[in-house]
Amino acid sequence: MLPILFVTVFIDLVGFGIIIPFLAYYVESFGARAAVVGLLMSSYSLAQFVFAPIWGRVSDRVGRRPILLLGLLGSVAGYTLFALAGTLSLLFVGRILMGIFGATIPTAQAAVADVTAPEDRARGMGLIGAAIGLGFILGPALGGVLSNLSHVIDLPLFQRNPYSLPCLASAALAALNLIAAAFVLPESLPHERRGTGTGERLSRIDLLTRGLTDPRLRLLVLVYFLFMLGFTMMEATLTLFIERRIGGGDHRLLVRRVGYLFGFIGLIQVALQGGLVGRLARAFGERKLLVAGCLVTAISLAALPAVASWTGIYGCSFGLACGLGLSQPAVVSLISRASPPDSQGGALGISQAAASLARVVGPAVGGLLFEQIAPGAPYLVAAGLSLAAVLCTRLEA
């Protein structure tokens, strides 16, 4: 079961990662301003914020498999519309569809929780994290290659819109993933463990208020939110920081270099989450891993404003990748273990909704700090947020 989930999540994240290097330039090709680029990025995360807990709760009732298949089907539609959009409004619709139907990661995490013993859960969550990281390694690089191929393929669509080819490639990957999962992905949640509260409301507010009544779970979700808030502030401004501090040349060269950087970060995550997190969790426990990951992240973020070379950027990125690789599976495992067996999908959905909310707020706050205070300000504030997450972790213990 775990290898099948790994492949499903991996292919899904490859398709998502393909569009990362050129997303901002694709939006600007419609004549949009930089602020609109930020809104497009936020719209994806906002859709995930709304739908992640809903998909998680529904999967607690009907099973994990139908939700995962529905997510892949919706992703095919979202990527296709994104590739063929002729207006900025259709671009937003396509991106929102990607967010709605890409909000099924907590369902995959719940499937891992279904089939693993508590002591092995960190390893299972680490495999899902490794699939995500590996997708980020291959996706951005593949997106850059396909964008360049658009110029040599003699088709009107690709000549008019060089970014449509990688977007259609994402749709094709999602379609292949859907076909394969329909045949080989089993159901992980037995009928006797499915929730029976079919009359419950599924609104986001209801899920958050009812799902966070447990003080321990509330603190763990807050830790996840604070950590991801700081991390997304860094992600949203890193390309601008590199361009201003180091100089990126033309956009095509900068996109390629940033793609390599994200691939490097993904490679470190894969090495940690796929091979080491399980052993480290058994040796030290998830809570110590979470604290260590937040501290490493805080140090790397605090050092970032002082760097002025690609060597420094890669050094800080190494620390950030290690911090994320340790923290993310540890906190997800702790959240899973803090929730009852028949509501793990809902709890993990709530945690993913909190992370999505951080991805909505983080880029806007990071951009404001970058422009209004100083280019290094987002990273210092983000370092403080990681330290606050450490404090919350100590309170939870």
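Structure above, values below:
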| quantity | calculated |
| --- | --- |
| Qualifying residues in segment 308-337 (those that are in contact (Cβ under 8 Å) with a residue 60 or more places away in the chain and open to solvent by 20 Å² or more (accessible area, probe 1.4 Å)) - the one nearest to the chain's Cα centre (by Cα) | Gln328 |
| Residue match in segment 208-216 (condition: at pLDDT 65 or above and part of a helix (DSSP H, G or I)) | yes |
| Enumeration of residues in segment 249-297 that are at pLDDT 75 or above and at positive phi | Gly285 |
| Near pairs, Cβ below 7 angstrom, 6+ apart or cross-chain, from segment 5-31 (touching a residue at least 12 places away in the same chain (Cβ under 8 Å) and among the hydroxyl-bearing types (Ser, Thr, Tyr)) to any residue that is assigned to a helix (DSSP H, G or I) and open to solvent by 40 Å² or more (accessible area, probe 1.4 Å) | Tyr25/His251 |
| Counted residues, segment 127-137 - those being over 19 Å from Leu68 (Cβ atoms) and open to solvent by less than 10 Å² (accessible area, probe 1.4 Å) | 1 |
| Criterion (surrounded by fewer than 21 Cβ atoms within 10 Å (Cβ to Cβ), over 23 Å from Val14 (Cβ atoms) and aliphatic (A, V, I, L, M)) met by exactly one of Leu240, Leu220 | Leu240 |
| Qualifying residue in segment 135-155 (condition: closer than 30 Å to Phe284 by Cα, in contact (Cβ under 8 Å) with a residue 12 or more places away in the chain and not hydrophobic (A, V, I, L, M, F, W, C)) | yes |
| Sole residue being open to solvent by 10 Å² or more (accessible area, probe 1.4 Å), at negative phi and more than 14 Å from the chain's Cα centre (by Cα), chosen from Gly124, Gly144 | Gly144 |
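The values are calculated or read from the model by the stated rules, or taken from the named source; none is laboratory data. As the structure is a prediction and not an experimental result, all values here were calculated from the model. Counting neighbours? That spans all protein chains shown, and the Cβs are built from the backbone with ideal geometry, glycine included. Note: accessible area is taken over every heavy atom of the protein model, side chains too, but ligands, DNA and RNA are not part of it. Shrake-Rupley method; radii C 1.70, N 1.55, O 1.52, S 1.80 Å.
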